[in-house]
Amino acid sequence: MTVTQTGPVHICLVSDTSLPNLNPALADIADNDFFPPKRVLLLCDNRHLDQARYLKETLVGHGLVVDIHTIDDGIDPVDMSYLIGQISVVFETLSPEEKRSTVLNASGGGKALSLAAVSVFMRNHLPAFLVDARNDRIVWLNGEVGNTVDIPDNALLEDVLSGNGFKVVAPKPIRHTLDKRQMVLGRKMAENVKKFSSVIGAFNGYMSRAKGNEGYYRAGPVSHKLMKNPDFEQMVDYFCETGLVEWKKQHLVFRGLEAARFLRGGWFELYGYGVVNQLKRDWAEQNYPVQIGDIACGLNIESPTGSRNEIDIAFLCNNRLYLVECKTGYFNPRSHPSGPSSTMLYKLDWLKDLGAPASKTAIFSYRSLPDHDLERAEQMKIDVVAGWPDIMKLRTFLENWIEVPQTS
């Protein structure tokens with residue numbers, strides 16, 4: 001095929017989720033002249049016009065030329081010839097040069113619209129494909145183009161969210177450059193979760209009372225009881241190895257407010273991020289069937305209605321959005337089911353609707369959760385990794401949690 005001066009064109013059918021259109025439009029696939037496109041035409045019915053606008057804004061941000069065309073599919077019974085006619089009108093807006101480099105992404109839209117669009121392309125002897133969302137690959141509907149093709153994970157978390165009308169607002173998400181000492185801290189804390197989970201609450205409480213003085217933060221003296229507790233002593237020694245805190249007689253002195261915040265729970269979020277990041281590196285080296293894409297911490301997300309929430313860890317893998325909330329706090333098993341832990345659960349339940357075809361959510365808790373919270377999490381289809389021995393097996397959980405293509 002001759003590559004045109006204008007570049008390839010994708011015609012996409014818009015539905016409730018953006019990823020089947022977004023990922024192929026951002027893909028640069030070797031030895032395939034249809035990727036990446038220079039121009040995208042979005043076909044949608046009136047119900048999905050807002051979704052098309054969200055997707056257009058995202059793609060334009062990547063330098064693509066994008067047009068939206070509304071298709072009237074409200075006829076009952078469906079008049080296929082009418083749908084074919086509308087799609088043909090859109091197709092005729094392309095120049096002869098563009099027509100020779102146009103491909104149909106038939107993944108979205110209703111069945112009738114998809115069939116009508118495929119019919120137009122078959123008549124014009126042009127290629128069409130579907131996105132196999134479960135296996136994150138392109139399946140060609142025309143034998144002459146080639147076999148199935150894996151879709152590169154080029155989309156950022158911001159792309160996936162904005163493509164569904166959600167915005168990432170300030171402060172910006174963090175993509176960590178991992179500090180070796182801080183990662184060692186997380187590993188040691190995970191290895192000792194069984195004994196440290198009973199004393200970390202006292203440490204968190206101590207930090208919550210710390211006050212600033214000339215750039216340092218400290219509270220009153222650590223109690224004699226805690227000073228004599230070998231588990232507390234060992235845990236604090238691990239924290240001291242980071243260089244962010246040190247003993248001054250009976251006081252713990254933190255090197256600034258950010259150091260105190262990190263040691264109060266940020267270390268656990270960073271540990272979860274680090275385990276995902278290491279898994280990403282290992283799978284890339286092994287040419288594993290799936291590859292983890294973008295990862296970030298601290299995403300502040302605003303919905304189209306203006307409501308906001310923050311998620312601790314988010315990452316993309318295999319055409320899915322994975323969301324994780326990390327906690328080191330204590331949840332009282334005698335607390336009311338509508339207490340503080342329920343806020344965390346309902347936030348994750350809200351975040352599940354951010355637009356990926358099958359967003360998955362989980363709670364990583366350094367300490368165990370009450371039974372009523374575990375039951376509610378199960379009802380909401382939120383996975384839980386909590387306390388001993390779960391935290392010691394965090395990588396194993398991730399290996400099983402991330403969905404792998406079905407090769408059979």
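The values are calculated or read from the model by the stated rules, or taken from the named source; none is laboratory data. Computed from a prediction, not measured in an experiment: that's the story for all the values here. Every residue, glycine as well, gets a Cβ built from its backbone with ideal geometry; the counts of neighbours run over all protein chains shown. For the accessible areas, the whole protein counts, side chains as well, though only heavy atoms, and no ligand, DNA or RNA atoms are used. Shrake-Rupley method; radii C 1.70, N 1.55, O 1.52, S 1.80 Å.
Can you tell which of Thr407, Thr396 is polar (S, T, N, Q) and modelled with pLDDT of 75 or more?
Numbers: Thr407 fails: modelled with pLDDT of 75 or more.
Selected residue: Thr396, the only one of Thr407, Thr396 that is polar (S, T, N, Q) and modelled with pLDDT of 75 or more.
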### Message
Suppose we filter region 367-394 for residues that are open to solvent by 80 Å² or more (accessible area, probe 1.4 Å) and in a helix (DSSP H, G or I); how many remain?
### Response
7
### Task
Taking Pro370 as the residue in question, decide whether it is farther than 29 Å from Gly306 by Cα, at pLDDT below 90, touching a Phe, Trp or Tyr at 6+ places or on another chain (Cβ under 9 Å) and not hydrophobic (A, V, I, L, M, F, W, C).
yes
### Query
So Lys228 fits all but one of (1) over 20 Å from Lys180 (Cβ atoms); (2) crowded, with 17+ Cβ neighbours inside 10 Å; what number is the exception?
(2)
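Given the residues Met122, Met189, which is the only one that is out of contact with any strand residue (DSSP E or B) (no Cβ under 7 Å at 6 or more places or on another chain), assigned to a helix (DSSP H, G or I) and either touching a residue at least 60 places away in the same chain (Cβ under 8 Å) or open to solvent by less than 30 Å² (accessible area, probe 1.4 Å) (or both)?
Values: Met122 fails: either touching a residue at least 60 places away in the same chain (Cβ under 8 Å) or open to solvent by less than 30 Å² (accessible area, probe 1.4 Å) (or both).
Selected residue: Met189, the only one of Met122, Met189 that is out of contact with any strand residue (DSSP E or B) (no Cβ under 7 Å at 6 or more places or on another chain), assigned to a helix (DSSP H, G or I) and either touching a residue at least 60 places away in the same chain (Cβ under 8 Å) or open to solvent by less than 30 Å² (accessible area, probe 1.4 Å) (or both).
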### Task
Return only the number of the condition from (1) crowded, with 20+ Cβ neighbours inside 10 Å; (2) over 34 Å from the mean Cα position of the chain (by Cα); (3) not in a helix (DSSP H, G or I) that Leu83 does not satisfy.
(3)
### Query
Can Gly272 be described as in contact (Cβ under 8 Å) with a residue 40 or more places away in the chain and at positive phi?
no
### Query
Tell me, which residue of region 87-109 that is of a type in the set (S, T, N, Q) and buried (at least 19 other Cβ atoms within 10 Å of the Cβ) is nearest to Pro20 (Cα to Cα)?
Ser107
### Extreme residue, farthest from Phe315 (Cα to Cα), among residues of region 287-302 that are at pLDDT below 90 and open to solvent by 10 Å² or more (accessible area, probe 1.4 Å)
Asn287
### Query
Just to be sure, is Glu246 open to solvent by 40 Å² or more (accessible area, probe 1.4 Å), more than 15 Å from Ala219 (Cβ to Cβ) and modelled with pLDDT of 90 or more?
no
### Task
Considering (1) outside any loop (DSSP other than H, G, I, E, B); (2) open to solvent by 40 Å² or more (accessible area, probe 1.4 Å); (3) in contact with an Asp or Glu (Cβ under 7 Å, 6 or more places away or on another chain), say which one Arg47 fails and leave the rest.
(3)
### Filter result (part of a helix (DSSP H, G or I) and closer than 13 Å to Leu19 by Cβ) within region 129-178
Leu157, Asp159, Val160, Leu161, Ser162
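Out of Gly220, Gly201, Gly212, Gly205, I need the residue that is surrounded by fewer than 20 Cβ atoms within 10 Å (Cβ to Cβ) and assigned to a strand (DSSP E or B). Which one? Spell out the reasoning first.
Numbers: Gly220 fails: assigned to a strand (DSSP E or B); Gly201 fails: assigned to a strand (DSSP E or B); Gly205 fails: assigned to a strand (DSSP E or B).
Every option except Gly212 fails the conditions.
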### Message
What's the number of the only condition in (1) in contact (Cβ under 8 Å) with a residue 60 or more places away in the chain; (2) of a type in the set (Asp, Glu); (3) touching a strand residue (DSSP E or B) at 6+ places or on another chain (Cβ under 7 Å) that Glu57 fails to meet?
### Response
(3)
### Query
Here are some residues: Ala219, Ala155, Ala210. Which one is under 33 Å from the mean Cα position of the chain (by Cα) and of a type in the set (A, V, I, L, M)?
Ala155
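Please work out if Arg181 is in contact with an Asp or Glu (Cβ under 7 Å, 6 or more places away or on another chain) and either in a helix (DSSP H, G or I) or closer than 30 Å to Phe129 by Cβ (or both).
Yes.
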